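Structure, as structure tokens:
The values are calculated or read from the model by the stated rules, or taken from the named source; none is laboratory data. Remember, it's a predicted structure, so these values are computed and weren't measured experimentally. Glycine also receives a Cβ, built like all others from the backbone with ideal geometry; neighbour counts cover every protein chain displayed.
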Amino acid sequence: MSGTLALVGVGPGDPELLTLKAARILAEAGVVAFPQTDAGAPLALEIARGHLNAAATLIPVPLPMAIERGPAQSAYDAAAAAILAHLQAGRDVAFLCEGDPLFYGSAMYLLTRLAPRAPVVVVPGVTSLTAAAAAIARPLAARNETLKVLPAPLPDAVLRAELDAAPAVAIIKVGRHFDRVRALLEESGHASAAVVVEHATTPRQRVTPLRAVAAGRRPYFSTILCYAGAEDWGQQEGIA
């Protein structure tokens with residue numbers, strides 16, 4: 001009898017934003033795996049800690065923070081093998097994923113490796129995108145407007161073309177790309193109503209109009225929400 005792997009979205013940071021289903025599965029799971037990077041304490045584990053079975057076996061999944069895909073692929077292979085051993089022993093495993101498992105989540109790489117070999121359940125979670133919109137109390141888009149989600153590492157030419165064609169944009173994975181993204185938003189006309197949301201839903205949450213971000217700052221755990229559509233939300237200067 002194989003155990004079941006649950007890919008559990010734990011949301012953007014506030015432990016109260018876990019779904020009831022996520023909380024139930026975490027309370028029952030005998031094995032809990034979570035991504036571990038060299039960037040400090042594992043955020044997914046910190047979010048979910050209060051919901052975990054106290055007797056659960058914890059399995060950190062080391063993930064290298066590298067641009068090259070090779071090291072990460074090897075890490076997912078190793079993680080899949082470790083998790084599969086528990087599943088084949090009949091133990092249920094919950095894998096924690098910040099935000100939603102299938103929205104730029106690391107869980108997707110375990111899904112492709114393990115779904116053919118064991119039962120897998122995906123538990124959706126609140127994304128950083130919707131958490132950031134809630135933080136500024138402004139809709140992402142309206143009516144028939146197109147909303148685009150753009151990863152900041154995209155080349156300038158690609159980002160500029162996408163910005164020119166979209167009234168509503170969310171830019172993720174900002175980090176060290178902040179300065180060039182800000183310049184592109186100024187060029188495209190999105191800067192006046194753009195808002196930077198850092199550490200959404202956590203005690204460290206910070207909301208700043210793009211043009212008010214101090215020179216030299218690099219908001220890492222952040223999402224930039226832009227709106228240049230037809231609706232008047234009463235916040236056209238990006239003031240949340």
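Every residue in region 148-175 that is within 17 Å of the chain's Cα centre (by Cα) and either in a strand (DSSP E or B) or of a type in the set (Lys, Arg) (or both), please.
148, 149, 150, 151, 169, 170, 171, 172, 173
Which one of these is modelled with pLDDT under 95 and part of a helix (DSSP H, G or I): 54, 79?
79
Residue-by-condition table, conditions (1) modelled with pLDDT of 95 or more; (2) outside any strand (DSSP E or B):
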{"position": "41", "(1), (2)": "no, yes"}
{"position": "59", "(1), (2)": "no, no"}
{"position": "64", "(1), (2)": "no, yes"}
{"position": "70", "(1), (2)": "no, yes"}
{"position": "85", "(1), (2)": "yes, yes"}
{"position": "101", "(1), (2)": "yes, yes"}
{"position": "113", "(1), (2)": "yes, yes"}
{"position": "134", "(1), (2)": "yes, yes"}
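Just wondering, is there one or more residues in region 67-80 that are more than 18 Å from the chain's Cα centre (by Cα), in contact (Cβ under 8 Å) with a residue 40 or more places away in the chain and surrounded by 13 or more Cβ atoms within 10 Å (Cβ to Cβ)?
Scanning region 67-80, I find at least one residue that is more than 18 Å from the chain's Cα centre (by Cα), in contact (Cβ under 8 Å) with a residue 40 or more places away in the chain and surrounded by 13 or more Cβ atoms within 10 Å (Cβ to Cβ), so the answer is yes.
Would you confirm whether or not region 182-193 contains a residue that is under 21 Å from the mean Cα position of the chain (by Cα) and either among the hydrophobic types (A, V, I, L, M, F, W, C) or modelled with pLDDT under 90 (or both)?
Taking every residue of region 182-193 in turn, none turns out to be under 21 Å from the mean Cα position of the chain (by Cα) and either among the hydrophobic types (A, V, I, L, M, F, W, C) or modelled with pLDDT under 90 (or both).
Checking residue 122 against (1) buried (at least 18 other Cβ atoms within 10 Å of the Cβ); (2) β-branched (Val, Ile, Thr); (3) not in a helix (DSSP H, G or I); (4) not assigned by TED's automatic domain parsing to the domain that holds residue 78: exactly one of these is not met. Which one?
Exception for residue 122: condition (4).
Filter region 1-39 down to the residues that are part of a helix (DSSP H, G or I) and within 15 Å of the chain's Cα centre (by Cα) and list them by number.
Answer for region 1-39, where residues must be part of a helix (DSSP H, G or I) and within 15 Å of the chain's Cα centre (by Cα): 15, 17.
Run residue 149 past the list (1) modelled with pLDDT under 95; (2) surrounded by fewer than 19 Cβ atoms within 10 Å (Cβ to Cβ); (3) closer than 21 Å to residue 97 by Cβ; (4) aliphatic (A, V, I, L, M) and report the number of the one that doesn't hold.
(1)
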